[in-house]
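Report on the following structure.
The values are calculated or read from the model by the stated rules, or taken from the named source; none is laboratory data. Keep in mind that what you see is a predicted model, and the values were worked out from it rather than measured. Backbone-built Cβ (ideal geometry, glycine too); neighbour counts: all protein chains shown. For the accessible areas, the whole protein counts, side chains as well, though only heavy atoms, and no ligand, DNA or RNA atoms are used. Shrake-Rupley method; radii C 1.70, N 1.55, O 1.52, S 1.80 Å.
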Amino acid sequence: MSHKHITVAEILIDIEKELRELRLWEFESPPEEALASTQPFAIDTLNFPQWLQFIFIPRLYFMVEQGLPLPRVSGVKPMAEEYFGVLSLNSAALIMHLDAMDKLLTE
């Protein structure tokens with residue numbers, strides 16, 4: 001496993017931790033139809049934290065576990081800023097971890 005894969009896994013752990021601390025972590029998965037969305041960030045079927053939990057995090061963990069090539073571009077931070085900008089949640093740490101992932105994957 002490459003150093004980059006390990007770093008991705010570490011950041012994913014941080015993202016999950018922040019979602020839990022913000023009480024945005026859900027215990028039940030959305031229906032399969034919601035997860036099958038073809039829209040960016042599954043915006044038509046999931047909210048942003050659901051997309052992170054049920055699509056983004058599992059896909060990257062799978063890539064890490066299988067040693068697959070990682071995405072070469074990531075732009076999750078702007079979506080997070082847009083989503084959380086109107087909410088009264090202390091999402092700064094979550095956005096910081098998403099920014100770190102964007103930078104790591106886009107290097």
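Give me the residue from segment 21-39 that is outside any loop (DSSP other than H, G, I, E, B) and either farther than 30 Å from SER2 by Cβ or touching an Asp or Glu at 6+ places or on another chain (Cβ under 8 Å) (or both) and, out of that set, least open to solvent (accessible area, probe 1.4 Å). Break it down stepwise before answering.
As a first pass, look at segment 21-39 and keep what is outside any loop (DSSP other than H, G, I, E, B): 21, 32-35.
So of that shortlist, the ones also either farther than 30 Å from SER2 by Cβ or touching an Asp or Glu at 6+ places or on another chain (Cβ under 8 Å) (or both) come out as 32-34.
Numbers: GLU32: 132, GLU33: 137, ALA34: 12 Å².
Filtering segment 21-39 for residues that are outside any loop (DSSP other than H, G, I, E, B) and either farther than 30 Å from SER2 by Cβ or touching an Asp or Glu at 6+ places or on another chain (Cβ under 8 Å) (or both), the one least open to solvent (accessible area, probe 1.4 Å) comes out as ALA34.
In segment 85-107, how many are hydrophobic (A, V, I, L, M, F, W, C) and without any contact (Cβ under 8 Å) to a residue 24 or more places away in the chain?
Of segment 85-107, the ones hydrophobic (A, V, I, L, M, F, W, C) are 86-87, 89, 92-96, 98, 100-101, 104-105.
Okay, now just the ones that are also without any contact (Cβ under 8 Å) to a residue 24 or more places away in the chain, so 86-87, 92, 95-96.
Selection size over segment 85-107: 5.
Is there a residue in segment 97-107 that is of a type in the set (Asp, Glu) and at pLDDT below 95? Talk me through it step by step, then tell me what you get.
The first filter runs over segment 97-107 and keeps only residues of a type in the set (Asp, Glu), leaving 99, 102, 107.
This time we only want the ones that are at pLDDT below 95, so: 107.
Yes.
List the residue pairs whose Cβ atoms are under 9 Å apart, where the first residue sits in segment 1-15 and is in a loop (DSSP other than H, G, I, E, B), the second is surrounded by fewer than 13 Cβ atoms within 10 Å (Cβ to Cβ), and the two are 6 or more positions apart or on different chains.
Close Cβ pairs satisfying both conditions: MET1/GLU65; MET1/GLY67; SER2/GLY67.
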